[in-house]
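Worksheet for the structure shown next.
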Amino acid sequence: MIGGLVVDKPEGWTSHDVVGKVRRLAGTRRVGHTGTLDPFATGVLLVCIGPATRLSQLLVGCEKAYRGRIRLGWATDTQDRTGSALGELAPASSIPDDPAVIAQALEAFNGEIDQVPPMYSAKKVDGRSLHKLARAGREVERAAVRVRVRMSLSGATIRNDDGSVDVDVDVECSAGTYVRTLAHDLGAVLGCGAHLAALRRTRVGRFTIEQAVTLEELEGHVEERLVAPAELVADIPRIHVREDELPDIGNGRALVVDGRVVADDGTDVALLGEDGRLLAIARIDGELARPRVVLER
């Protein structure tokens, strides 16, 4: 079995839980995901099976899209609803519910920005996971990461009974962006505190929530739901390999491009067999395509 699954991760499951479930359903240990979703979040989790797990290093960098709910009124230590409140609820009069005011504040996050990863994250500093340090009551300095964000309001604001305000947003962002940090930082800009109350990932690269299947739908149907490896990397240039070149590809030897693709040095290309199956991912080096991920030998 080889390929990918576009899974609709349920709330309360870790990404590792989903991998474990798919391993049982597919009957193989060779399963991996291409980008973690927090347990309280739902939506698209792209899972690779069999030799296609070698493609994870390419797919983890895909752009992501989300629908999120930000609650204005207080911040939390985890920057989402699972954490403890940092301080009291801000006075209702200081929590804006005017969409124009909030939309203007969102403009500060559009484009390329420097984002400081949250303490409650899997990132490591000096070999130690930040979330482990956070749970031990320690906070350490984290280097900011350059990310690319497009964030906009996706509906009307809602004033809750306690005076807090819920704001629904659509977010498109580069890999490595923390949406809960965007929520936290929006609260800082508005001066009222905020945290992420809900999150649903709607897209990973070209794969959307409309294509996703639930774990229940996968029961007994894994193979028919598989996305072919060539489709997983359909966005990169491709070279069709001749029959006499197959031994070279299988042994990791460079392929002479011979005008079959126009791509800059350092560009990844997909090497396809005559039947369209994905044989390898190669990197362009002048007139050569050097295999770096080989699926079939």
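Might you check whether a residue that is of a type in the set (Lys, Arg) and in contact with a Leu (Cβ under 6 Å, 6 or more places away or on another chain) occurs anywhere in the range 249-272?
Looking through the range 249-272, none of the residues is of a type in the set (Lys, Arg) and in contact with a Leu (Cβ under 6 Å, 6 or more places away or on another chain).
Only one of GLY266, GLY250 is under 21 Å from CYS62 (Cβ atoms), modelled with pLDDT under 95 and not assigned by TED's automatic domain parsing to the domain that holds GLY32; which?
One residue alone meets the criteria, GLY266.
Of the residues that make up the range 3-11, is at least one at positive phi, in contact (Cβ under 8 Å) with a residue 24 or more places away in the chain, touching an Asp or Glu at 6+ places or on another chain (Cβ under 9 Å) and buried (at least 19 other Cβ atoms within 10 Å of the Cβ)?
yes
Quickly run through the range 187-235 and pick out the residues that are in a loop (DSSP other than H, G, I, E, B) and of a type in the set (A, V, I, L, M).
ALA212, LEU226, ALA228, VAL233, ALA234
Can you tell me which residue among LEU182, LEU186, LEU190 is within 18 Å of GLY83 (Cα to Cα) and over 19 Å from the mean Cα position of the chain (by Cα)?
Exactly one residue qualifies, and that residue is LEU186.
Does ASP168 meet the test of being out of contact with any strand residue (DSSP E or B) (no Cβ under 8 Å at 6 or more places or on another chain), in contact (Cβ under 8 Å) with a residue 24 or more places away in the chain and within 27 Å of PRO91 (Cβ to Cβ)?
No, not satisfied.
Yes/no matrix, rows are residues, columns are (1) buried (at least 16 other Cβ atoms within 10 Å of the Cβ); (2) part of a loop (DSSP other than H, G, I, E, B):
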site: ARG29; (1), (2): no, yes
site: ASP38; (1), (2): yes, yes
site: LEU58; (1), (2): yes, no
site: PRO96; (1), (2): yes, yes
site: GLU107; (1), (2): no, no
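Scan the range 71-92 and report the pairs whose first residue is closer than 24 Å to LEU37 by Cβ and free of Cβ contacts under 8 Å to residues at least 60 places away in the same chain and whose second residue is of a type in the set (Gly, Ala, Ser) and not in a strand (DSSP E or B), with Cβ atoms within less than 8 Å and a gap of 6+ or a chain change.
ASP77/GLY83; ASP77/SER84; ASP77/ALA134
Which is surrounded by fewer than 19 Cβ atoms within 10 Å (Cβ to Cβ), among the hydrophobic types (A, V, I, L, M, F, W, C), within 21 Å of the chain's Cα centre (by Cα) and not in a loop (DSSP other than H, G, I, E, B), of ILE113, ILE70?
That would be ILE113, the only listed residue that is surrounded by fewer than 19 Cβ atoms within 10 Å (Cβ to Cβ), among the hydrophobic types (A, V, I, L, M, F, W, C), within 21 Å of the chain's Cα centre (by Cα) and not in a loop (DSSP other than H, G, I, E, B).
For the range 88-110, name all the residues that are under 22 Å from the mean Cα position of the chain (by Cα) and either among the aromatic types (Phe, Trp, Tyr) or under 19 Å from TRP74 (Cα atoms) (or both).
Correct list: LEU106, PHE109.
The values are calculated or read from the model by the stated rules, or taken from the named source; none is laboratory data. Since the structure is predicted, the reported quantities are computational estimates derived from the model, not experimental observations. Glycine gets a Cβ as well: all are built from the backbone with ideal geometry, and neighbour counts include every protein chain shown.
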